[in-house]
Ligand SMILES: [Zn+2]
Ligand SMILES: [Zn+2]
């Protein structure tokens, strides 16, 4: 039943976002290089683990995106991207059960 859900909702949505990059790459945080834990989207649209990007900004004066280098005047308030977190949970379950 998880698989059906994964294909119907998670996988097709993820596949649309991911092409032509492999799906797993889309779920990896560029700071810890692991699959997101509590993914959050910053204002430029890039995603990181909440704790990774908070930690990254703690070490810098300016809040900038580690990927596109866009800087944000004030430190943005970050929230966990629940829709994305759900897809990742499904993905993780899928990987653990079938690979
Ligand atoms: Zn991370
Ligand atoms: Zn960015």
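The values are calculated or read from the model by the stated rules, or taken from the named source; none is laboratory data. Just so you know, these numbers come straight off a predicted model, no measurement behind them. Methodologically, a virtual Cβ is constructed for each residue, glycine included, from the backbone with ideal geometry; neighbour enumeration extends over all protein chains shown.
Worth pointing out:
- Qualifying residue in the stretch 60-81 (condition: at pLDDT 95 or above and in a helix (DSSP H, G or I)): no
- Residues satisfying the stated conditions in the stretch 45-71, i.e. away from ligand 1 (no atom under 13 Å from the Cβ) and within 13 Å of the chain's Cα centre (by Cα): 45
- Cβ-Cβ under 7 Å pairs, at least 6 apart or on other chains, the stretch 67-95 side over 14 Å from residue 54 (Cβ atoms), far side outside any helix (DSSP H, G or I) and away from ligand 2 (no atom under 16 Å from the Cβ): 85/38; 88/27; 88/35; 91/27; 92/35
- Where a residue in the stretch 33-47 is touching a residue at least 12 places away in the same chain (Cβ under 8 Å) and its partner, wherever it lies, is near ligand 2 (Cβ under 9 Å from one of its atoms) and in a loop (DSSP other than H, G, I, E, B), with Cβ under 7 Å and at least six apart: 42/65; 44/65; 44/68; 44/70; 46/65; 46/67; 46/68
- Search result, residues across the stretch 57-77 that are buried (at least 16 other Cβ atoms within 10 Å of the Cβ) and more than 12 Å from ligand 2 (Cβ to nearest atom): 57
- The residues of the stretch 41-99 that are farther than 13 Å from residue 27 by Cα and touching a helix residue (DSSP H, G or I) at 6+ places or on another chain (Cβ under 7 Å), listed by number, are 42, 63, 66, 75, 78, 80, 93, 94.
- The selection criterion, being surrounded by 11 or more Cβ atoms within 10 Å (Cβ to Cβ), more than 13 Å from the chain's Cα centre (by Cα) and not in a strand (DSSP E or B), does not hold for residue 97.
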